[in-house]
Each structure stands twice: as structure tokens, then as C-alpha cells.
Amino acid sequence: MNQEAPRKTLPRLDESLLTHLPPFSQLERHQIRTILDQASSRRYAAGAHIFDEADPADRFFMLLDGYVRVMRVTSTGEQVTALHIPSGQLLGIAKALGRDTYPATAVTATESIVLSWPTRLWDTFVTEYSGFATETYKTVGHRVGEMNNRVVEMATQQVEQRVANALLRLVNQTGRKVDGGIEIDFPITRQDLSELTATTLHTASRLLSGWEKLGVVESKRKRIKVCDPHALVLLSQG
DNA sequence: TCATTAATCGATA
DNA sequence: TATCGATTAATGA
């Protein structure tokens, strides 16, 4: 479903790509046209770095298709996934955080299509396009809240609850309804899940196979489907 | 209760 | 076939 004939340039961008996305939804058509004419679009293979932590933030991005993992490096030097970003969201918005370097590393989890603009346009966007700033800060606030929740969970909850919570979050953000449940819409390994929850691959694996026996989840390689979200909520609350 | 090590099996490219 | 991901058991913090 993601295969795309290789080509040097993507087709001319259509206004409808942005009209329904929150940061742009309140804009006039001609404003969106202007924004698109200033954008570069690029396709990334799975696992590609869009930008790295501490790099100068010379561009900001809108994820049009695919999924991106935001990675941070812990004090001990390990890479940890901080959060996942589904398509239709902005990323690399250092300017919104008052920074001139990227606060984290963004790696594509699937093949992705990304629009980007030079950071110098940020102030123009904020002042000239009503709704852009408020919608942007809304998503920023939401993300910060999620990361904080995760930190609190790490400190207070048992492993089983943390993993259950992480799964619920993934389902909420990127879940896709399929028959028999909700599937996480991008490839996620036990390793990834264990990094999200600060546990080991093996513990995450054991928990998942336990839940699979209970009929709460189903999983194949790199795929996890939640069949009984309610049961997972119960698990997440201990 | 959970992490670590190691062995093994199966899927994927 | 070589590599990667998933599973399980054993052991110890």
C-alpha cells in the first residue's frame, strides 16, 4: 500500500493536501497555495533520519504520509523513542519551543513523505496565517503532556502497566481499525516497545505473549493488534 | 519483580 | 542462506 514509483520529483502539490490539516484548516485556498509553493517535498525510506538532535534547525517539517519516531539519547547514551508522530502533523518545530537547534532526532518508521520549509519562514507563518500558531501550540502542548505522563509512569508504575499504557497510546495515536481489533499502523518490534517503556526486549515479549494467550492482543512480526482495548485499560491501571 | 544471558526457532530478504 | 526478530528457560540482583 505504500509502494511508490521512484521518481525524481513528486507531482505538483495540490492544495487539498493541507486543507484538512489542523495547522492550515482555517486558511484560504490562495494562502495554502503560497505555502505550498514555498515548500519542498521529499520522500524518505523507512529508517531514514530527517534531522538529528542538536543539529541547527534550518527547516521545519510537515509529515504528509508515513510515521516518524522521535528519538532522544538518555544520559547513559542509549537511544530511546520519545514518541511517535502520525501523518498530518508538524515536526522539527524548534522555533515553537524557542530553540534554534532540534530538540530530538526524527527517524522515519515507515516510508514517509515530508514537506519542509526554511525556518526563516516560521515567523511569517505565525503572524500572517491565523490559526497556524494556535493549532501548532496545541499539538506542542499535547506532546509535552504525553512525554511528561510517560516520565511519571516510569517512576510510579510497574512494568506491566507501563507497557499496557504505551500500547494504548500507540493505538490512540496511530491505530487503524481492522476486523477483530485495532492494529498499530506501522512496523513496531518488541525492541521498540521495550524502549518506549524502559524495560527489556524480553520482558516486553513475555508480556505480549501472555496477553496474546488471554486474547487481549494479537501480534505477528513487527505488527501488533489490540483486540480488547478495555482489558488493556484494566491492565494499565493495575 | 525484573534484568541478563544464552539457546533456539521461525520469518524475511 | 544469512540475518533479524521472537520466544523461552535459567539465573541472579
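Quick notes on this one:
- The residues of chain A present an accessible area of 52 Å² per residue when probed at 1.4 Å with all protein chains retained.
- Restricting the GluC sites (Glu not before Pro) of the stretch A:82-161 to loop positions (DSSP other than H, G, I, E, B) with no more than 10 neighbouring Cβ atoms within 10 Å leaves nothing.
- GNM result for chain A, Cα springs below 10 Å: residue of A:154, A:71, A:62 fluctuating most strongly: A:154
- Percent of Cα-Cα distances greater than 28 Å, calculated over chain A: 36 percent
- Summing Cβ point charges (Lys, Arg +1; Asp, Glu -1) relative to the Cα centre of the stretch A:97-238 gives a dipole of roughly 360 debye.
- Over chain A, DSSP H runs of length four or greater, each weighted -39,500 (n - 2.57), average out per residue to a 222 nm ellipticity of -11500 deg cm²/dmol.
- Across all Cα atoms of the stretch A:16-154, the radius of gyration (one decimal) and Dmax (whole number) stand at 14.8, 49 Å.
- Farthest positive-ward along chain A dipole, Cα basis, beta-carbon charges - from A:161, A:204, A:27: A:204
- Point-charge dipole on Cβ atoms (K/R +1, D/E -1) for chain A, about Cα centre, debye to 20: 400 debye
- Rounded FRET efficiency, nearest 0.05, which uses the C-beta distance separating residue A:58 from residue A:15 and R0 of 35 Å: 0.85
- Distance between the 7 Å Cα→Cβ label points at residue A:30 and residue A:73: 4.8 nm.
- Its alpha carbons considered, the stretch A:157-236 gives a radius of gyration followed by a Dmax of 11.0, 32 Å.
- The calculated FRET efficiency for the pair residue A:200 and residue A:96, based on their C-beta separation and a Förster distance of 41 Å, comes to about 0.75.
- Among the listed pairs A:177/A:213; A:138/A:222; A:177/A:220, those with a Cα-Cα distance over 27 Å are A:138/A:222.
- Largest mean-square fluctuation among A:72, A:99, A:190, in a Gaussian network model of chain A whose springs join Cα atoms under 10 Å apart, belongs to A:99.
- A full extension of the chain between residue A:140 and residue A:126 corresponds to an added length of 3.6 nm, given 0.36 nm per residue minus the alpha carbon distance.
The values are calculated or read from the model by the stated rules, or taken from the named source; none is laboratory data. Keep in mind that this is a model prediction, so the values were computed, not measured. Virtual Cβ from ideal backbone geometry, glycine too; neighbours counted across all protein chains shown. Each accessible area value is taken on the protein alone, full model and side chains, heavy atoms only, with ligands, DNA and RNA left out. Shrake-Rupley method; radii C 1.70, N 1.55, O 1.52, S 1.80 Å.
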